[in-house]
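K.L.:
Here you go, one structure.
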């Protein structure tokens with residue numbers, strides 16, 4: 001015995017460690033966008049997007065409102081037609097196919113349940129349109145109710161359910177016809193924080209259990225980081241980076257991605273020296289060492305996440321990458337305390353400290369003098 005309780009749910013983290021079809025030159029994408037563009041009047045919503053999504057992948061489109069992520073999803077669903085480019089599904093160009101002829105289903109943000117139909121009738125709606133026999137429809141509905149943990153609620157109407165239950169009905173209705181790919185448009189936006197976090201893991205488990213391909217659109221960075229195998233960050237109709245959540249967070253492609261995914265401090269400066277993998281950056285805030293690319297004389301930015309910055313009350317012995325400052329304010333978040341540290345008039349840095357021990361007295365407070373440090377390997381050198 002290893003002391004661990006048995007579990008029937010798939011261990012998503014372990015699965016994701018080995019799931020990487022995009023690294024296999026022989027793997028063929030399930031979905032491929034080739035130079036896809038779409039405009040509305042003078043607005044270019046999607047501008048020449050190339051993207052590949054693989055079978056059984058949980059893929060996230062992430063970006064601010066108006067970046068083109070929903071338009072890209074709607075083109076895959078067939079609700080919008082591209083102005084240019086092709087959309088391939090399993091080696092077939094579907095750009096001109098109507099929605100009902102695509103093995104693609106979309107779960108809308110508003111759920112769009114039929115209020116006059118019961119839960120079971122809502123789930124069965126798409127199955128009836130497929131012309132399946134009544135016995136098969138009934139069996140599939142019961143299967144879906146069990147899958148989304150709504151057993152015994154088939155006779156209720158949507159207005160007799162909680163928000164979380166309505167979301168599960170919409171999800172069951174979308175997956176009941178067994179599409180090749182399920183599209184999720186901000187599916188958890190209407191849920192409270194605690195329910196949203198619980199639902200994220202349920203959604204991941206469901207995707208693995210079904211062996212389906214999921215594509216989610218969201219502006220919530222934390223949500224995308226939790227659920228997705230890979231994330232595509234969009235800006236002004238273009239994809240600026242695609243990668244695993246850890247890759248996008250720890251190695252952002254540029255300042256936009258670094259600032260959009262989580263909090264970050266950017267130090268603008270110039271590379272003054274290189275020694276092996278280390279570069280020396282001269283900034284108005286000091287001289288810093290970091291691991292990264294670049295040549296002497298290059299103007300770059302050094303990106304450092306708050307949790308990578310250590311807070312000290314005494315000057316550290318290592319003179320590298322240390323900055324003196326004063327705590328301007330702080331916020332207690334339970335698992336973390338975030339400090340806003342002033343390092344020069346009008347110039348502040350955020351540092352985060354894990355609350356690893358239970359304590360009543362806070363060791364640091366407003367106006368305390370502190371030193372901030374970070375390791376050279378914790379910073380990212382960005383050229384743009």
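No lab work stands behind these numbers, since they all come straight from the coordinates. These figures come from a predicted structure and were not determined experimentally. Glycine gets a Cβ as well: all are built from the backbone with ideal geometry, and neighbour counts include every protein chain shown.
K.L.:
Using only the alpha-carbon atoms of the chain, report the extent along each of the three principal axes, biggest first, to the nearest angstrom.
P.N.:
Taking the Cα atoms of the chain, the three principal extents are 76, 53, 48 Å.
K.L.:
Further question: Given a 10 angstrom Cα cut-off, can you work out which residue in 43, 18, 357 is the most mobile in a GNM of the chain?
P.N.:
Ranking 43, 18, 357 by mean-square fluctuation puts 357 first.
K.L.:
Still on this structure, please answer the following. For region 21-255, what does the relative contact order come out to in percent, with C-alpha contacts under 8 Å and a separation of six or more? Could you put the intermediate results ahead of the total?
P.N.:
Details: 426 pairs, mean separation 63.6, N = 235.
Normalised by residue count, the contact order of region 21-255 is 27 percent.
K.L.:
Let me ask another. Starting from the Cα coordinates of region 263-382, work out the convex hull volume and express it per residue in Å³. Write out the running numbers ahead of the final one.
P.N.:
Details: hull volume 12.7 nm³, N = 120.
Per residue, the Cα convex hull of region 263-382 comes to 106 Å³.
K.L.:
Can you bin every Cα-Cα distance in region 29-95 into 5 Å intervals starting at zero and give me the percent of pairs per bin, rounded to whole numbers?
P.N.:
Computed distribution, short to long bins: 4, 18, 29, 28, 15, 5, 1, 0.
K.L.:
Moving on to the next point. Tell me the angle of helix 134-147 to the major Cα principal axis of the chain, expressed in degrees between 0 and 90 and rounded to the nearest ten.
P.N.:
That helix lies at roughly 20 degrees to the long axis.
K.L.:
Any idea what angle helix 119-129 forms with the longest principal axis of the chain, computed on alpha-carbon atoms, 0 to 90 degrees, nearest 10?
P.N.:
70
K.L.:
What is the Cα convex hull volume of region 218-323 when expressed per residue in Å³? It would help to have the intermediate numbers written out before the result.
P.N.:
Numbers: hull volume 13.8 nm³, N = 106.
Residue-normalised Cα hull volume stands at 130 Å³.
K.L.:
Which order results if 301, 22 are arranged by neighbouring Cβ count within 10 Å, fewest first?
P.N.:
Numbers: 301 20, 22 17.
Listing 301, 22 from fewest to most nearby Cβ atoms yields 22, 301.
K.L.:
Could you work out [θ]222 nm for the chain from helices alone, using -39500 (n - 2.57) per DSSP H run of at least four and dividing by all its residues? Round to the nearest 500 deg cm²/dmol. Show your work: numbers first, answer last.
P.N.:
Details: 9 runs with 91 residues, N = 384.
Using -39500 (n - 2.57) per qualifying helix, the result is -7000 deg cm²/dmol.
K.L.:
For region 160-221, report the translational diffusion coefficient in µm²/s to the nearest whole number, using Stokes-Einstein at 10 °C, 1.306 mPa s, and a Kirkwood Rh over Cα pairs. Can you show the working numbers first?
P.N.:
On the way: Rh = 12.2 Å.
So the translational diffusion coefficient is about 130 µm²/s.
K.L.:
Can you put 118, 162 in order of Cβ neighbours within 10 angstrom, beginning with the fewest? Intermediate values should be presented prior to the final figure.
P.N.:
Details: 118 17, 162 10.
Going from sparsest to densest Cβ surroundings: 162, 118.
K.L.:
Return the inverse of the average 1/r over all pairs of distinct C-alpha atoms in region 306-361, which is the Kirkwood hydrodynamic radius, in Å to one decimal.
P.N.:
Working: mean 1/r = 0.0815 Å⁻¹.
Over region 306-361, the inverse of the mean reciprocal pair distance is 12.3 Å.
K.L.:
Could you tell me which of rounded, prolate or oblate describes region 181-257, using a ≥ b ≥ c as the square roots of the eigenvalues of the alpha-carbon gyration tensor, with rounded for a/c under 1.5 and, failing that, prolate when a/b is larger than b/c and oblate otherwise?
P.N.:
Details: a/c = 1.81, a/b = 1.56, b/c = 1.16.
Prolate is the answer for region 181-257, as a/c is 1.5 or above and a/b outweighs b/c.
K.L.:
Pick from 309, 123, 343 the residue whose mean-square fluctuation is largest in a GNM of the chain, springs joining Cα atoms under 10 Å.
P.N.:
Looking only at 309, 123, 343, the largest GNM fluctuation is found for 343.
K.L.:
Highest first, please rank the peptides 326-333, 262-269, 56-63 by the mean number of other Cβ atoms sitting within 10 Å of their residues.
P.N.:
56-63, 262-269, 326-333
K.L.:
For helix 163-175, what angle does its Cα long axis make with the longest principal axis of the chain, in degrees from 0 to 90 and rounded to 10?
P.N.:
With both axes taken from Cα atoms, the answer is about 60 degrees.
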